[in-house]
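Quick notes on the structure that follows.
The values are calculated or read from the model by the stated rules, or taken from the named source; none is laboratory data. Not measured: the values here are computed from a predicted model. Counting neighbours? That spans all protein chains shown, and the Cβs are built from the backbone with ideal geometry, glycine included. We work out accessible area using only protein heavy atoms, side chains counted, and drop any ligands, DNA or RNA first. Shrake-Rupley method; radii C 1.70, N 1.55, O 1.52, S 1.80 Å.
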Amino acid sequence: MDYEAKAREILNSMTLAEKIGQMCLGFISNENLNEMLEAIRQGKYGAYLTYADFSDKKDMHDKIMQASRESRTGIPVLYGKDVIHGHFTVFPIGLGMAAGFNPEFAEKVFSFIAEEASSEGIFWTFSPMIDVARDPRWGRIAEGFGEDTYLTSRMAEAAVWGLQGRDPEALGKQEKILACPKHFIGYGAVEGGRDANTAEISQHTLMNVYFPPFLAAMKAGAGSIMSGYHDINGEPVSASYNILTHMIKELGGLDGFIVSDFGTTAHLLKYRYAEDERQAVDITVNNGMDMDMCSSLFTKHLEKLVEEGKIPVGRIDDAVLRILKTKLRLDLWNRKVGPLKDKGQFKLSDEAKSLSVEAARQASVLLMNKDSALPLSKDIKKLYVAGPYVHARREYFGCWCLDGVSHVIEPVIDILKRKLENVEIRHLDYFMSELILSSEDYIDTVIYFGGEAPERSGERNNITNLRLPEGQEEQIISLANRGKKVILVVVAGRPLSLARVIPYVYAILYVFHPGTGGPEAIAQILTGEAEPGGRMPVTVPVSEGQIPLYYNSIQVRSDRPEHLKYNDMTEKPLYCFGYGLTYTDFKVSDIKVDRNEIRKNESVRVTVNVENTGTRSGEAVIQCYINDCVSSLLRPCKELKGFKRVTLDKGESKIVEFTLGKEELGFFNHKGEFIVEPGSFRVFVGLDCENTIDTCFVVTD
Ligand code: NOJ
């Protein structure tokens, strides 16, 4: 279909008020439902969102869609929801998905998510969240794909492809839904890790660190983009021509539309950037905003502003065309809105179960394994389990989950009891059970299931203390002091510093809130049925005092490391980016480039030999980093430019190959041009960002 022509045809039949209606996303709750139904019938809203549980009104969304079809234009309303990392079946939070270093798998997961959501009429999700984040104090670090631009970019395109389909025409299928990468741009850089705070970002960092994931998402076909709440260098992003129009529409080539975050138009007043509501609308629309989320200010002021000539009709037409084209691509006119499912009756399908367990396995990073404490020895006869996650269900879902069904989750203790039939597993609900710890001293292994409650991360949940929540360290230490061999499982929404407990434990399995499959995956890893599959998508600091601490810093004085030291603690991370152990060992050797010299528009092939030198089969995540040795703008000391997951049997070797071309070697200069500069490049390949071997090649003009 010629979407542009069809959208124009519809646009030409619309009144100004109807056009403005399309630019408004309304909020529906139980309280305003009838009022909103009527407003939608009058064409006052082009889209809506809700957080309400309408399980007592199963055909609600169908009714809302019908109301829009009864409007004069008959343009269907678009239902958007925060289906961030799962709908009924919940998958790991962003950090957990990123820990998989597996975009192909992530694409499958997002495709599954789209199918579950669209079955209830949710044809738009405010996902993926692709804000690069370098500050674990910020609660929303949980939602994104970590600190690395390249990994986030690959995950961003995978999410878009999964949700919308790779073929642009696929978006029209009933089971595909519209993606909305967010929060454009630099939201992860908020000062002090305080949510929605001001951000200071240089042009260099904006373009080279924060922009590429959005560019990748837009190239993958993302049909909408959400702008952030915050400001950059004193300019609210949702009021910036450079950010909305130039970066998203011109550089990114977005054919779809930009939606603000919740109430952002009104925030322009709170920020004292606009004098009154009218000015706020004037600024945001003139600078490129296409749809307002829930501030209701477009409804109140936009028509008048256009009539007075303050906002050109052409700008309104551009916004509405974008929205209509997207609705046409979604085939919204022919979409079926199914009734809301009875969540009480929800059962996990085999596909949902295996996908969610595999996703959770890949969200689990083995950080420490002294004396091969894991997998659990077959000789263990008695096991004590402790900690807040022993009986948890919903807690595994993480911070952004509206409709996840938790009754399908079996607590980890029950799974372990089933899997370890011959082991006596003891647990008392009151923790410091002197009973167990003193009268049953013969129990020598304890698994402590600790971590953060989901509410400790996510929106508005910023913290300054990156240690385990109060009391947990003491419990772990007291167990160890009684001579127990403590195995620590941490379920969390951010990288926490475990420095204090490390001397007391034998193994640490770090699991980013893993979703429905979490407890099963954890039990499989503990018992050795499965491998821990994740690698750290963020640097784990020793202490908050080191923040910001990320692997790909520019570090101008790396020639004189003593300048970069702290006098009172190490400047090194506790665990570096890309780190993660397996139950076997790998050796990476023999790094080669197929050519020592390439031209700027050519590419080089890098190969290494990877060998499984351990005692069982396993998966290695081979990572490829570069350093642009001399450049007109300083480049990071190392930057990830490729990764591959390879499975090798015991004793097996494989050649693993990476291709580095223009896209990997280039960067944005101050003029906003993407350039590859001639000169030497160093390439590093290894098992994490520190454990690498390297070689070099030269790029000529
Ligand atoms: C505010 C959040 O910042 C955003 O991520 C979310 O999608 C919207 N609210 C809608 O719920």
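Can you spot a residue in the range 13-30 that is open to solvent by 10 Å² or more (accessible area, probe 1.4 Å), farther than 30 Å from ASP148 by Cα and charged (D, E, K, R)?
yes
This table checks each residue for (1) in a helix (DSSP H, G or I); (2) of a type in the set (Lys, Arg).
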site: LYS6; (1), (2): yes, yes
site: TYR48; (1), (2): no, no
site: ASP62; (1), (2): yes, no
site: THR73; (1), (2): no, no
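Does GLY188 count as of a type in the set (Gly, Ala, Ser) and in contact (Cβ under 8 Å) with a residue 60 or more places away in the chain? Full working, then the answer.
Values: of a type in the set (Gly, Ala, Ser): yes; in contact (Cβ under 8 Å) with a residue 60 or more places away in the chain: no.
No; evaluated as a whole, the condition is false for this residue.
Looking at GLU147, GLU143, which one is closer than 30 Å to ILE463 by Cβ, within 14 Å of the ligand (Cβ to nearest atom) and not assigned by TED's automatic domain parsing to the domain that holds PHE397? Reasoning before the result, please.
Working: GLU147 fails: within 14 Å of the ligand (Cβ to nearest atom).
Selected residue: GLU143, the only one of GLU147, GLU143 that is closer than 30 Å to ILE463 by Cβ, within 14 Å of the ligand (Cβ to nearest atom) and not assigned by TED's automatic domain parsing to the domain that holds PHE397.
For (1) surrounded by fewer than 19 Cβ atoms within 10 Å (Cβ to Cβ); (2) over 30 Å from SER202 (Cα atoms); (3) aliphatic (A, V, I, L, M), each residue gets a yes or a no:
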| residue | (1), (2), (3) |
| --- | --- |
| VAL646 | yes, yes, yes |
| GLY661 | yes, no, no |
| GLY672 | yes, no, no |
| CYS689 | no, no, no |
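Determine whether LEU37 is aliphatic (A, V, I, L, M), surrounded by 13 or more Cβ atoms within 10 Å (Cβ to Cβ) and either modelled with pLDDT under 95 or touching a strand residue (DSSP E or B) at 6+ places or on another chain (Cβ under 7 Å) (or both). Step through it out loud before you land on a result.
On the way: aliphatic (A, V, I, L, M): yes; surrounded by 13 or more Cβ atoms within 10 Å (Cβ to Cβ): yes; either modelled with pLDDT under 95 or touching a strand residue (DSSP E or B) at 6+ places or on another chain (Cβ under 7 Å) (or both): no.
Criteria not met by LEU37.
Taking the range 241-268 on its own, how many of its residues are in a helix (DSSP H, G or I), without any contact (Cβ under 8 Å) to a residue 40 or more places away in the chain and farther than 21 Å from CYS294 by Cα? Lay out the reasoning, then the answer.
Within the range 241-268, the first condition is being in a helix (DSSP H, G or I), and the residues that meet it are 241-251, 264-268.
Filter once more, so that each one left must be without any contact (Cβ under 8 Å) to a residue 40 or more places away in the chain: 242, 246, 249-250, 264-268.
Okay, now just the ones that are also farther than 21 Å from CYS294 by Cα, so 242, 246, 249-250.
The number of residues fulfilling the criteria is 4.
When the range 89-109 is examined, which residues are found to be aromatic (Phe, Trp, Tyr) and open to solvent by 10 Å² or more (accessible area, probe 1.4 Å)? Reasoning before the result, please.
Here is the first cut: in the range 89-109, the residues aromatic (Phe, Trp, Tyr) are 91, 101, 105.
The answer is PHE105, and nothing else.
Has the range 60-79 got at least one residue that is within 16 Å of the ligand (Cβ to nearest atom) and aliphatic (A, V, I, L, M)? Let's see the steps before the verdict.
Residues of the range 60-79 within 16 Å of the ligand (Cβ to nearest atom): 78-79.
Still in the running and aliphatic (A, V, I, L, M): 78.
So far as the range 60-79 goes, yes, one or more of its residues are within 16 Å of the ligand (Cβ to nearest atom) and aliphatic (A, V, I, L, M).
Condition (residue is part of a loop (DSSP other than H, G, I, E, B) and more than 13 Å from the chain's Cα centre (by Cα)) applied to the range 143-164: is it met by at least one residue? Even if it seems obvious, please write down each step before you answer.
Let us first name the residues in the range 143-164 that are part of a loop (DSSP other than H, G, I, E, B), namely 143-148.
Filter again for more than 13 Å from the chain's Cα centre (by Cα), leaving none.
So far as the range 143-164 goes, no, none of its residues is part of a loop (DSSP other than H, G, I, E, B) and more than 13 Å from the chain's Cα centre (by Cα).
Strands (runs of 3 or more DSSP E) wholly in the range 351-430 with at least 2 residues that are of a type in the set (A, V, I, L, M) - which ones?
Values: elements: 364-369, 382-386, 424-426.
Per the criteria, 364-369, 382-386.
Filter the range 242-267 down to the residues that are of a type in the set (Ser, Thr, Tyr) and open to solvent by 10 Å² or more (accessible area, probe 1.4 Å) and list them by number.
Step one: list which residues in the range 242-267 are of a type in the set (Ser, Thr, Tyr), which gives 245, 260, 264-265.
Across the range 242-267, the qualifying residue is only THR245.
Looking at the range 666-701, which of its residues are more than 25 Å from the chain's Cα centre (by Cα) and either within 17 Å of ASN208 (Cα to Cα) or among the basic types (Lys, Arg) (or both)?
ASN669, HIS670, LYS671, GLY672, GLU673, PHE674, ILE675, VAL676, GLU677, ARG682
Evaluate the following for SER119: is it buried (at least 24 other Cβ atoms within 10 Å of the Cβ) and either among the hydroxyl-bearing types (Ser, Thr, Tyr) or within 15 Å of the ligand (Cβ to nearest atom) (or both)?
Numbers: buried (at least 24 other Cβ atoms within 10 Å of the Cβ): no; either among the hydroxyl-bearing types (Ser, Thr, Tyr) or within 15 Å of the ligand (Cβ to nearest atom) (or both): yes.
Here the answer is no, as SER119 does not meet what is asked.
Got a number for residues in the range 162-199 being within 16 Å of the ligand (Cβ to nearest atom), buried (at least 21 other Cβ atoms within 10 Å of the Cβ) and of a type in the set (Lys, Arg)?
1
Just to check your reading of the model, which residue among LYS353, LYS382, LYS347, LYS300 is free of Cβ contacts under 8 Å to residues at least 40 places away in the same chain and either under 30 Å from ARG616 (Cα atoms) or surrounded by fewer than 16 Cβ atoms within 10 Å (Cβ to Cβ) (or both)? Show your work before the answer.
Working: LYS353 fails: free of Cβ contacts under 8 Å to residues at least 40 places away in the same chain; LYS382 fails: free of Cβ contacts under 8 Å to residues at least 40 places away in the same chain; LYS347 fails: free of Cβ contacts under 8 Å to residues at least 40 places away in the same chain.
LYS300 is the lone residue from the list that is free of Cβ contacts under 8 Å to residues at least 40 places away in the same chain and either under 30 Å from ARG616 (Cα atoms) or surrounded by fewer than 16 Cβ atoms within 10 Å (Cβ to Cβ) (or both).
Checking ALA133 against (1) over 25 Å from GLY172 (Cα atoms); (2) away from the ligand (no atom under 16 Å from the Cβ), which single condition isn't satisfied?
That leaves (2) as the condition not met.
Is there a residue in the range 103-115 that is within 16 Å of the ligand (Cβ to nearest atom), assigned to a loop (DSSP other than H, G, I, E, B) and not assigned by TED's automatic domain parsing to the domain that holds ILE258?
no
Could you list, in sequence order, the residues of the range 269-313 that are within 16 Å of the ligand (Cβ to nearest atom) and among the aliphatic types (A, V, I, L, M)?
MET289, MET291, MET293 - these are the residues of the range 269-313 that are within 16 Å of the ligand (Cβ to nearest atom) and among the aliphatic types (A, V, I, L, M).
I'd like the full set of residues that are touching a helix residue (DSSP H, G or I) at 6+ places or on another chain (Cβ under 6 Å) and open to solvent by 20 Å² or more (accessible area, probe 1.4 Å), limited to the range 532-570.
The answer is ARG557, and nothing else.
Do any strands (runs of 3 or more DSSP E) lying entirely in the range 628-701 carry at least 2 residues that are of a type in the set (Lys, Arg), and which ones are they? Break it down stepwise before answering.
Details: elements: 639-648, 653-660, 679-686, 692-700.
Ranges flagged: 639-648.
Is it true that PRO495 is buried (at least 24 other Cβ atoms within 10 Å of the Cβ) and either among the acidic types (Asp, Glu) or modelled with pLDDT of 95 or more (or both)?
Details: buried (at least 24 other Cβ atoms within 10 Å of the Cβ): yes; either among the acidic types (Asp, Glu) or modelled with pLDDT of 95 or more (or both): yes.
So PRO495 passes the test.
GLY451 versus (1) open to solvent by 70 Å² or more (accessible area, probe 1.4 Å); (2) at pLDDT 95 or above: which is the lone unmet condition?
The single condition GLY451 does not satisfy is (1).
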